[in-house]
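Below: one structure, written as structure tokens.
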Amino acid sequence: MKSLMSLWKVMLNELSIRCCTTSTARDLKTVSSRVEHEGLSFFTITLPSFGKDLLKSLDQGYVGSDQFCGFRRSGGLPAFLQGFLCLVFDRSSGVILQNPCTEAIYSIRQLTCVFEKIALECTEHRTRKAMQGYVQIESDIRTVDRRWGDFSQLTQLRNSFSMLFGDSIDRVNQDLRLSRYDRFMPKHGPGNTADRLVGNQKFYTASWTSRLESILPVGEFVIPNWRYRRDLRGIDIRDPGGELPVRVTPVPKNLKTPRIIAIEPTCMQYAQQSILRAILDSFEQDPFLREFVTFKDQRPNQLMALQGSLDGSLATVDLSEASDRVSNQLVRYLLAPWPDFLEAVDASRSRTADVPGYGEVRLAKFASMGSALTFPIETMVFLSIVFNRLRASSPHLRLEPLKGVALRKVRAYGDDLIVPIDLVRDVVSDLESLGFKVNKGKTFYSGLFRESCGKEYYAGQDVSIVKLRTVIPTTRRNASEVVAMVAFRNQLYFAGLWTTCQWLDEKLTKLLGNFPLLSPTSPGLGRHSFLDLEKYPWQTGMCYQRRSTIAWVTKAKIPENGIDGWPALVKCLTTGFNPDEKHLEHSGRPRSLSIKRRRVPLA
């Protein structure tokens with residue numbers, strides 16, 4: 001706690017100098033007093049709420065009476081951080097200035113949200129509440145499913161979905177109908193599974209399901225070829241009642257609430273990856289979808305958020321619990337024109353979840369975070385909802401011009417949506433009618449602030465902040481915390497907080513003993529800089545004729561779980577070339593992380 005307080009103090013002093021504010025002594029006194037009484041929650045919960053209220057005030061154009069609760073007022077503004085706030089809002093009325101200072105906006109956000117995402121375990125009470133919320137969402141979805149008739153545009157929504165994705169899904173559907181299984185390249189993910197298999201163990205497939213067998217036969221996906229069909233006798237084909245449920249578990253997010261994920265069974269995860277591969281390959285064949293849907297690139301969303309902050313033409317919409325609120329009945333309705341594809345998607349979907357404190361729960365949602373199909377399906381659903389509203393607003397446009405408008409004004413990356421400003425209220429209404437929960441605190445369309453996919457902009461200026469993800473390490477043994485702290489330091493450097501970086505450099509040098517200047521491309525843990533490395537001392541390595549130095553590097557201990565025989569062949573066929581010569585002996589996510597000193601190239 002003392003280290004976090006010291007870091008916040010250094011950052012406060014540097015940002016006050018950047019913004020030329022009045023004395024910040026009272027701000028520091030306020031934080032010291034409240035941290036003493038409230039503890040870490042002041043940094044991780046209370047201050048981030050202050051930062052969110054700033055965004056609400058920017059969007060509505062004034063500081064409302066319901067903003068900045070819990071902080072004493074002085075005039076129309078909170079007394080806390082008023083030196084910065086006065087550069088954005090009028091001191092007496094609280095109305096936004098004609099030319100607010102973007103540096104002050106950035107500074108307030110950086111000071112209030114820097115510790116928001118520290119990955120610490122929540123209290124047992126908050127975890128139980130999160131699990132209760134997970135179960136409550138199931139009830140909410142069923143309630144919405146029962147009143148589908150209230151959403152008058154359901155048929156038009158399916159038409160819009162077909163206009164956007166119909167041709168691509170047709171190709172996948174045809175491949176399934178003709179049993180072209182070579183188009184469905186499966187793979188195992190690196191994470192955990194509900195049956196607790198890790199790494200190479202997943203290739204010893206012990207179970208399949210009868211639902212999968214009807215559309216994705218085990219013989220086509222588990223064994224290398226039919227020469228090994230005798231090995232299929234040991235695989236348990238489970239009926240729907242005997243399928244393994246997903247394992248719901250909390251993972252650290254912040255002190256306010258944990259992130260709830262669902263860990264899929266191995267066979268389901270394997271099948272989901274094969275369907276995902278087919279979808280992505282089909283999208284690549286469509287010139288429009290290749291630009292319109294980017295499952296791995298957030299930059300289009302970020303650039304459109306920048307445009308929206310410049311001219312106000314685009315809004316950014318964010319959803320709460322988006323993946324958990326996608327109704328399975330809605331997905332089935334949208335995919336009904338493609339029965340084979342629908343069967344494959346439904347067969348790879350887990351129907352029940354093992355929720356701590358509640359036992360097995362029948363799922364009304366399509367899938368939780370943890371399924372390989374959750375992200376692409378929710379993206380397609382949200383794009384269709386926005387496109388459907390765009391169609392309704394421009395009935396005179398034909399399909400191709402309409403797609404051109406969508407390409408310029410509509411985007412979805414999961415639950416991060418970009419929407420034309422004149423349609424945002426209708427889109428929000430449509431989303432809520434279908435049971436989705438719009439996060440009003442992170443949806444922006446009135447002012448000049450926009451946020452999407454981790455980037456924040458105000459009036460065309462980048463005001464994105466840097467967040468600390470772990471506590472400040474006190475020993476080198478906490479390798480993951482050391483790595484996170486080095487990354488945090490380097491992000492601060494490129495954000496221009498150089499005085500704060502100097503403070504962190506002293507801490508890290510004292511901790512590591514050696515914290516050299518390195519290029520971002522070097523494998524070592526070091527200080528990144530705009531400075532020219534050629535002006536600094538260097539040594540030539542003994543093995544390679546290139547500049548090098550001694551630095552700390554990470555060393556991950558990968559679990560031992562060797563495979564041979566046909567499971568090893570399946571891995572090689574499905575994953576392709578692997579540069580690790582021992583990948584058949586060691587695999588999976590590292591169980592532990594350590595750091596060691598060795599010679600590394602400067603760049």
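Coordinate-derived values only; no laboratory data. Treat the numbers as computed from the prediction; the structure is a model and nothing was measured. Heads up, the Cβs are rebuilt from the backbone with ideal geometry, glycines too, and the neighbour counts pull from every protein chain shown.
Within 14 Å, Cβ to Cβ, of Tyr358, how many net charges do the neighbouring residues add up to if Lys/Arg are +1 and Asp/Glu are -1? Once all neighbours under 14 Å are counted, the net charge is +1. Each residue of the chain gets 181 Å³ once the volume of the Cα convex hull is shared out per residue. The stretch 31-67 and the stretch 100-118 have their alpha-carbon centroids 11 Å apart.
Here the residues Trp148, Trp503, ranked from fewest to most Cβ neighbours within 10 Å of their Cβ, fall in the order Trp148, Trp503.
Taking label positions 7 Å along the Cα-Cβ direction at both Lys440 and Glu36, the computed distance is 3.7 nm, reported to one decimal.
What the Cα atoms of the stretch 498-601 give is an Rg and a Dmax of 18.8, 58 Å. Placing dummy labels 7 Å off each Cα toward the beta-carbon, the span from Ser3 to Asn159 is 6.1 nm. You can think of it this way: the chain between Ile550 and Arg477 has 24.4 nm of extra reach, that is 0.36 nm per residue less the Cα-Cα gap. List the pair-distance distribution P(r) of the stretch 348-430, using every Cα-Cα distance, as the percent of pairs falling in each 10 Å bin from 0 up to the bin containing the longest distance, rounded to whole percents. With 10 Å bins starting at 0, P(r) equals 16, 38, 23, 17, 6, 1. The ellipsoid equivalent to the alpha-carbon distribution of the stretch 465-511 has semi-axes of 18, 12, 7 angstrom, derived from the gyration tensor eigenvalues as √(5λ) and listed largest first. Applying both filters, DSSP loop and at most 16 other Cβ atoms within 10 Å, to the chymotrypsin sites (Phe, Trp or Tyr not before Pro) of the stretch 236-303 gives Phe295. An oblate overall shape is assigned to the stretch 165-258, the ratio a/c of its alpha-carbon gyration tensor axes (a ≥ b ≥ c) being 1.5 or greater and a/b not exceeding b/c.
Based on DSSP H segments of at least four residues, each scored -39500 (n - 2.57), the chain has a per-residue ellipticity at 222 nm of -13500 deg cm²/dmol. Relative to the globular-protein estimate of 2.2 N^0.38 Å, the Cα radius of gyration of the stretch 287-352 stands at 1.53. The ranking of Met369, Met485, Met1 from fewest to most other beta carbons within 10 Å of each one's beta carbon is Met1, Met369, Met485. Among Arg146, Arg233, the ranking by other beta carbons within 10 Å of each residue's beta carbon, starting with the fewest, stands as Arg233, Arg146.
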